[in-house]
Amino acid sequence: MNDPRALAARVIARLYQDRGSLQRLLPWAEKQVDDPEGNGKNRSLLRELCYGTARFAPRLELILGKLSKKPIKDEELAALMLVGLYQLEYTRIPDHAAIGATVEAARALKLGHACGVVNGVLRNALRNKETLTRKLSGNPQFSSAHPEWLQQAIKAAWGSEARTVFTANNENPPMTLRVNLSKNTRDEYLAQLKDAGIPAQPCEYSAAGLVLENPVAVSRLPGFEDGLVSVQDQSAQLAGTLLDPQPNEKILDACAAPGGKTCHLLEIQPELDLSALDIEEDRLDRVIENLERLGVGAQIICADAAEPEHWWDGEQFDRILLDAPCSATGVIRRNPDIKLLRRAEDIPELAALQGKILRAMWRLLKPGGTLLYATCSILPEENSAQVARFIAETPDARDNTPQLLNEQPWGLPQDAGMQLLPGIHAGDGFYYAKLEKAQDA
């Protein structure tokens, strides 16, 4: 099967079945796409359909529910209809071409018996677009394009700011670069981009960051293979600055994959004694690839951060970066499949795991040392509530984030730590809390 619409439907169906993510499924699907003109057009269409359908699935589900007389039991058929609706609602593909091609995709999926249903649903969507929009406009899931539980959680957390967050989550993300300041300056690299015909602007917060006017393939970036630059969102770049590593310190980057923050720490201080830890071996391969591209080194440990007794040698660390596993609700614009994969019941489970890892990492930290707790979540249960509870239970822990906010007003002050929100701050949604361990601990 090499039809991009059929493959997109298969990918979306697997997301609903919780059988992977876009990051894992798209490479599989792209290998199957026919590219007769050799220009990658069909692969680009596949990516657009997968990312776009996932991004607006909560809204498209409601439209499909109004158009279908009864629930669609075949998951690939339902996914194909969502792909068709996405084309009609959000792309410049001519309506008749989108409908015709989606009907043909039903045949490619061996759903020829449903071609008439697909054709009828999509044509009804086209004819009744204004009526459907009017009927659904009062539904928060429709207006926000977020699943109901997530829409309610974000609104409860951020009140009047929630609408801005929803809008940002539904936009295509910018491509942001981190210049390797150990090899050149940001201004020097900005000039190289200009010479290459790639417009860019300095980031607002990160001293190493540049945001491109339009995304480009990394192969077009000057010196990418030589480690002059990496792709990393501005909010994520702040981790290295906030941890503030000093020469020859012993550092642990817990939950390190895919290695962007690991590499940034070594760019800041190449002489670090740095260990990169992650529980997934295949994701550590990405860390190794990034280290090799930048020409830096770290000790790689494949183990569970929550159970250091199985891998820790007993020597405490000067600083620890804990980029904890989380709901990733701050990076939805980059990973819209989160809207399909994440559930409300996941949040308490993630919070429990985060607390377990945080307590485990604290034991590994030297007295007087620093632990930077980070997530790419915007939900307080994983962030400020998590850290506030930890501080209350840990006599030798102190939140040093307020001092940072006085020096660098990057985010919103919280009861503990600080929060960056998509659409409100210039980057993805991220949470940081800089915790210091008492000297006499």
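Could you state the angle between the C-alpha long axis of helix 384-393 and the longest principal axis of the C-alpha atoms of the chain, as a value from 0 to 90 degrees rounded to the nearest 10? The answer is roughly 30 degrees. On a 26 Å Cα-Cα criterion, which of the cross-link pairs K70/K110; K31/K69; K31/K70; K31/K194; K366/K434 come out too long? Pairs exceeding the cut-off: K31/K69; K31/K70; K31/K194. Dividing the mean sequence gap of close Cα pairs (under 8 Å, 6+ apart) by how many residues the chain holds gives a relative contact order of 13 percent.
The dipole here belongs to the chain: it is taken about the Cα centre, uses +1 on the Cβ of Lys and Arg and -1 on the Cβ of Asp and Glu, and is about 2420 debye. In terms of the Cα gyration tensor, with a ≥ b ≥ c the square roots of its eigenvalues, is segment 1-60 rounded because a/c is under 1.5, prolate because a/b exceeds b/c, or oblate? Note, shape of segment 1-60 comes out prolate. Can you give the angle from 0 to 90° between the axis of helix 281-294 and the longest principal axis of the chain, with both taken from C-alpha atoms, to the nearest 10? Approximately 70 degrees, to the nearest ten.
Along the axis of the charge dipole computed for the chain (Cβ charges of +1 for Lys and Arg, -1 for Asp and Glu, origin at the Cα centre), the listed residues P140, Y205, G368 are led at the positive end by P140.
Here the accessible area is traced with a 1.4 Å probe on the protein chains. For the chain, carbon and sulfur cover 47 percent of it.
Based on C-alpha pairs under 8 angstrom that are at least 6 apart in sequence, segment 299-441 has a relative contact order of 28 percent.
Within a Cβ distance under 10 Å of Q234, other residues only, what is the Lys/Arg minus Asp/Glu net charge? So the surrounding residues net to -2. Its DSSP H runs of at least 4 residues, each contributing -39,500 (n - 2.57), put the calculated 222 nm mean residue ellipticity of the chain at -14500 deg cm²/dmol, to the nearest 500. What fraction, in whole percent, of alpha-carbon pairs in the chain exceed 31 Å separation? Counting pairs separated by more than 31 Å, the tail of P(r) holds 46 percent.
Note on segment 320-353 and segment 194-267: Cα centroid distance 22 Å, given to the nearest whole angstrom. Alpha-carbon geometry of segment 289-344: the Rg and the Dmax are 16.2, 42 Å, given in that order. Computed with every protein chain present, the accessible area of I288 is close to 60 Å² [probe 1.4 Å].
Reducing segment 399-439 and segment 14-55 to their Cα centroids gives an inter-centroid distance of 36 Å.
Once the Cα atoms are used to define both axes, helix 75-90 deviates from the longest principal axis of the chain by about 90 degrees. For segment 290-441, the solvent-accessible area works out to 39 Å² per residue, with a probe of 1.4 Å and every protein chain left in place. A simple charge model with +1 on the Cβ of Lys and Arg, -1 on the Cβ of Asp and Glu and nothing else charged puts the dipole of segment 325-438 at about 260 debye relative to its Cα centre.
The values are calculated or read from the model by the stated rules, or taken from the named source; none is laboratory data. This is a predicted model, so every value here is computed, not measured. No Cβ is skipped: glycine too gets one built from the backbone with ideal geometry, and neighbour counts run over all protein chains shown. For accessibility, only protein heavy atoms count, side chains too; no ligands or nucleic acids. Shrake-Rupley method; radii C 1.70, N 1.55, O 1.52, S 1.80 Å.
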